[in-house]
Amino acid sequence: MHATRKLWTWLAVIFVLSFAVLGWVGTEIYLTAPPIPKQVVSTDGAVLFSEGQIQRGQEAWLSAGGQQLGTVWGHGSYVAPDWSADWLHRESLALLEVWAQKESKLPFDQLGLGHQAELKARLAEEMRKNSYDQSADAITISADRAIAVRQVAAHYIGVFGTNPDMDKLREQYAMNTNSLPDQADLQALPAFFFWSAWAAATDRPGAHDLSYTSNWPHEELVHNTPTAGAGIWSIASVILMIAAIAGMIFYHSLSKEISDPVPPKADPLFDLKPTPSMLATKKYFYVVIGLILAQVGMGVVTAHYAVEGHSFFGFPLADFLPFTVSRTIHTQFAVLWIATAWLATGLYIAPAISGYEPKFQKLGVNLLFYALLFIVVGSTAFGWFGSVMHKGNDFSFWIGNQGLEYTSMGRIWQILLFIGLLLWVVLLGRGLLPALKKPSESRGVIAMVFLAAMCIGAFYASSLAWGQHTHYSMIEYWRWWLVHLWVEGFFEVFATAVIALLFTRLGLIHAATANSAIILETIVFLFGGILGTLHHLYFTGTPTFVIAIGAMFSALEVVPLAMIGMEAYKNYQRSKAAPWMQAYKWSILCFIAVGFWNVIGAGLLGFSINTPIALYYLQGLNMTPAHGHAALFGVYGMLGIGLLLFCLRGLSDRALWSDKLLQAMFWLLNIGLSMMVFISLVPAGIYQAVASISKGMWYARSPELVHSKFMETLVWMRVPGDVVFACGIVCLALFALRLLIGKKHSQTATINNSYANKA
């Protein structure tokens, strides 16, 4: 008990100190973010962008699809360009042409090498000069550069407008014509793109060759190359990771490990009678399966748009289901179904663990279910409506699609979801309260489940931290609080604690062992995970020390993964500990798959793009979705499915259980995911990485490369893996349908038999 109290103390200290540092970093980002001027003017007095246009341009881009339509500073989708890198390259070439025509009456590429080199040197000096005047709150550029800016602005107005000359380019970008019908929005959009590129190339005040985005993206024309800090902290983070892994293995080898207890002769949960609130959670799991089917369907459509842009095998699907909508649903539903599976598991196990059914608990569970269903359907429908009908910036932010990856639902829906999560915490707490009050060896694990649930409810408030007019750097700061800390952080702690609790309840591990292990695992994870959030923010207009902190602490996130294989092997041994464990075989194998994909998806693929020097070249390329698919589905998705199967086991007629369908589901999902990642996404990411390193980010994301024969072939190479994976999802759906229909059939047979007996 004394050792456990010390661990709880350490956990509290790490939690408070880590969030104190993360909060301080946020204030520094706010104070040092790239300035947004009232005006952008030229030296001859012309106003290029007037007051408010940069901010309105940001809102216009987000309402048009935002991070589902290309990227800014590397965050978003991958078919359209990174608009910051694209603008920077186009403006650089345009300015070189202006000078070449003005001085020699020749195109730039026809000049002599010496003259070209002279103009390139002049270009870098011009683009890197910080001409922001704080007193006037204006950026002043040369008259020649103003000509180049107007040319590039006209290009983007044509792309997001109705210019028929841009039809082919729009198809390559998977964009619909007239993405911004409001002329004020259309005119403001280039202001935001200009500003994002200006911040990426302009030196910070008092610095030399160091832009606001730490020289991201790679663009040699303006001397945007990796900083020394990116290289040094990358090396330091790898050394720290190796040392920490060695230290953890050494510590583990010295620790006396208590062997697992002898399992009971019979299933401890066999006679568990579900309470009314437990039975009410069953519909959650069927909605989860429905969301998975919808998510996979949208994933197929989204991937196909990378080839056909507007059509789905010739059918003009984008007219009413554009890429921005299909990708929004694909990414948003991934988070929603995983979260729903975990929420429902918490509601299911609370009465099972405590042996107590609170008054009106079933009513609360049903109320939460219909509230969540309303939020999912409402946010999806209004997001689609706002995007297709172009309802504007206010509609998009408040009730439609905010245009932010994984956090796209409008603010009204976010507020409702926050209230729903608080209701879930209350329901879970009511169910667990007797077990929390009663002294027992497993009370520590139960407390961790509840504390993680409280953090899930409370930290969703980070989705409410940014506003419609918030600086883009701060939007990214708060967005990653939600995506990294909420989805990848506290939900994982919650799920890990739930699994430990289930294994304890089954008599497969000692309660005292589970107590210490779960607290220690949480300490190790949060120590690297909280400040590791900053590795997403290296190049989003943040101070340079973000690279140092993010690199070192995100390297520590990999450390616990070194022991995942051992834990997976133990779980496999536990699955064979007693004959009755066959009833939970596929749930436990899903937990084992979580360990495998943690090592591959989060560890191998995650750390391959995690260091500052790697991410400098790879951010916004296909190595990111390779890591994302393997980690999000492989880890969190398989965990959600494992928990779903565990709960359905106690909620369904065991005679209807089909191991054959579950066996097919398990192997098809894992093989299909492997094919998808390693046959298509990883090769595409490597191919783009070579282009990014050799020519620049603009080229790696250009239509010339994205729609090259090789890249489009790799997109088609996804098809076999997608088909195998989809078959696995169909097996899961058929399994669930069998439980549902089989139950009705068995009830009908029982009624018929009773009538026959009476006769």
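The values are calculated or read from the model by the stated rules, or taken from the named source; none is laboratory data. Note that the coordinates shown come from a computational prediction; the quantities given were computed from them, not determined experimentally. Positions of Cβ are generated from backbone atoms using ideal geometry, with glycine treated the same way; all protein chains shown enter the neighbour counts. With ligands, DNA and RNA removed, areas are computed over all heavy atoms of the protein, side chains included. Shrake-Rupley method; radii C 1.70, N 1.55, O 1.52, S 1.80 Å.
Taking the criterion of being open to solvent by 20 Å² or more (accessible area, probe 1.4 Å) and closer than 22 Å to Gly489 by Cα, the residues of the stretch 599-622 that qualify are Val599, Ile600, Ala602, Leu604, Phe607, Ser608. Restricting attention to the stretch 410-469, the residues that are more than 20 Å from the chain's Cα centre (by Cα), assigned to a helix (DSSP H, G or I) and not aliphatic (A, V, I, L, M) add up to 10.
To keep it simple, each residue is scored yes or no on (1) assigned to a helix (DSSP H, G or I); (2) open to solvent by less than 20 Å² (accessible area, probe 1.4 Å).
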position: Leu482; (1), (2): yes, yes
position: Ala495; (1), (2): yes, yes
position: Leu501; (1), (2): yes, yes
position: Thr504; (1), (2): yes, no
position: Leu534; (1), (2): yes, yes
position: Gly541; (1), (2): no, yes
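Inside the stretch 647-664, residues that are within 32 Å of the chain's Cα centre (by Cα), more than 23 Å from Ala495 (Cβ to Cβ) and of a type in the set (Gly, Ala, Ser) make up a count of 1.
Selection over the stretch 507-521 of residues that are more than 14 Å from Asp260 (Cα to Cα) and open to solvent by less than 10 Å² (accessible area, probe 1.4 Å) gives a count of 2. Helices (runs of 4 or more DSSP H) fully within the stretch 167-274 that include at least 3 residues being over 30 Å from Leu561 (Cβ atoms) and open to solvent by 50 Å² or more (accessible area, probe 1.4 Å): 167-172. Restricting Tyr132, Tyr156 to residues that are open to solvent by less than 50 Å² (accessible area, probe 1.4 Å) and at pLDDT 95 or above narrows the list to Tyr156. In the set Phe315, Phe320, only one residue is more than 17 Å from Gln67 (Cα to Cα), in contact (Cβ under 8 Å) with a residue 40 or more places away in the chain and open to solvent by 20 Å² or more (accessible area, probe 1.4 Å); that residue is Phe320.
Of Leu433, Leu367, all but one fail to be surrounded by fewer than 17 Cβ atoms within 10 Å (Cβ to Cβ) and modelled with pLDDT under 95; the exception is Leu433.
Annotation for the stretch 37-49: no member residue is within 25 Å of Trp478 (Cβ to Cβ), hydrophobic (A, V, I, L, M, F, W, C) and open to solvent by less than 50 Å² (accessible area, probe 1.4 Å). Residue count for the stretch 266-287 under the criterion of being touching a helix residue (DSSP H, G or I) at 6+ places or on another chain (Cβ under 8 Å) and modelled with pLDDT under 90: the result is 6. Here the condition is being aromatic (Phe, Trp, Tyr), touching a Leu at 6+ places or on another chain (Cβ under 9 Å) and open to solvent by 20 Å² or more (accessible area, probe 1.4 Å); of Tyr348, Tyr356, it holds for Tyr356 alone. Filter the stretch 98-117 for residues that are in contact (Cβ under 8 Å) with a residue 40 or more places away in the chain and surrounded by 11 or more Cβ atoms within 10 Å (Cβ to Cβ); which is farthest from Phe193 (Cα to Cα)? If we take residues in the stretch 98-117 being in contact (Cβ under 8 Å) with a residue 40 or more places away in the chain and surrounded by 11 or more Cβ atoms within 10 Å (Cβ to Cβ), then Trp99 is farthest from Phe193 (Cα to Cα).
For (1) buried (at least 19 other Cβ atoms within 10 Å of the Cβ); (2) modelled with pLDDT of 60 or more, each residue gets a yes or a no:
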residue	(1), (2)
Val706	yes, yes
Glu712	no, yes
Trp716	no, yes
Ala733	no, yes
Arg738	no, yes
Lys743	no, yes
Ala749	no, no
Asn753	no, no
Asn757	no, no
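The residues listed here are Ala12, Ala80; of these, the one that is of a type in the set (Gly, Ala, Ser) and open to solvent by 50 Å² or more (accessible area, probe 1.4 Å) is Ala12. Of all residues in the stretch 275-302, those that are within 24 Å of Leu347 (Cα to Cα) and open to solvent by less than 20 Å² (accessible area, probe 1.4 Å) have Cβ atoms under 7 Å from Cβ atoms of residues that are outside any helix (DSSP H, G or I) and not β-branched (Val, Ile, Thr), 6 or more apart or on another chain, in Ser277/Glu357.
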